[in-house]
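Okay, structure first, notes after.
Here, each number is a calculation from the coordinates, and none is a lab measurement. Quick caveat: nothing in here was measured; it's all calculated off a predicted structure. Backbone-built Cβ (ideal geometry, glycine too); neighbour counts: all protein chains shown.
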Amino acid sequence: MSILRAWLGELREDRRARWFAVATAVAIGLAVAQIHWYGFVLGGALVGLVSKDTKRALLAGLAFGILAWVVFAGVLASNGALLKYVEMGQVLGVSAAIPVVAAGLGSLVRGVV
């Protein structure tokens with residue numbers, strides 16, 4: 001476990017490596033979220049792990065969740081279904097909240113590691 005902590009510590013200190021790791025984490029999280037909603041938690045956890053502190057990890061996790069929802073809305077817009085989706089009321093609210101909350105919870109892993 002100490003090897004992992006040492007590696008994460010070095011990664012968090014190097015700005016360029018950290019941004020690359022965040023971009024990779026976002027790509028992995030979005031790819032897994034296309035298959036299963038656990039991808040939101042995984043993406044939030046991955047962006048949280050490479051963040052400097054817990055506050056930034058939570059913000060990064062929430063940002064990942066918002067990005068995941070925007071990507072979903074973009075897919076709907078490209079298929080011409082965005083207006084019907086917006087008219088669905090509670091479905092819109094729940095489907096917007098799930099990725100944000102799940103990614104935010106996943107990002108709290110930074111407080112443990």
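Before moving on, here are some points about what is shown:
- For the range 46-71, a residue qualifies if it is farther than 25 Å from ARG15 by Cβ and touching a Phe, Trp or Tyr at 6+ places or on another chain (Cβ under 9 Å), but none of them does.
- The range 1-31, subset surrounded by 15 or more Cβ atoms within 10 Å (Cβ to Cβ) and among the basic types (Lys, Arg), residue nearest to the chain's Cα centre (by Cα): ARG18
- Any hit, the range 79-86, residues being closer than 26 Å to GLY9 by Cα, free of Cβ contacts under 8 Å to residues at least 40 places away in the same chain, in a helix (DSSP H, G or I) and not hydroxyl-bearing (Ser, Thr, Tyr): no
- In the range 1-33, residue nearest to LYS52 (Cα to Cα) [restricted to those that are touching a residue at least 40 places away in the same chain (Cβ under 8 Å) and not basic (Lys, Arg)]: LEU8
- Contact map, the range 98-113: residues that are free of Cβ contacts under 8 Å to residues at least 60 places away in the same chain paired with residues that are in a helix (DSSP H, G or I) and among the aliphatic types (A, V, I, L, M), Cβ distance under 7 Å, separation 6+ or inter-chain. Pairs shown: VAL100/LEU62; VAL100/ILE66.
Quick grid of which residues meet (1) surrounded by fewer than 18 Cβ atoms within 10 Å (Cβ to Cβ); (2) farther than 21 Å from VAL113 by Cβ:
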{"residue": "TRP37", "(1), (2)": "yes, yes"}
{"residue": "VAL47", "(1), (2)": "no, no"}
{"residue": "LEU82", "(1), (2)": "yes, yes"}
{"residue": "GLU87", "(1), (2)": "yes, yes"}
{"residue": "PRO99", "(1), (2)": "no, yes"}
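- Residue in the range 81-97 that is touching a helix residue (DSSP H, G or I) at 6+ places or on another chain (Cβ under 8 Å) and of a type in the set (Asp, Glu) present: no
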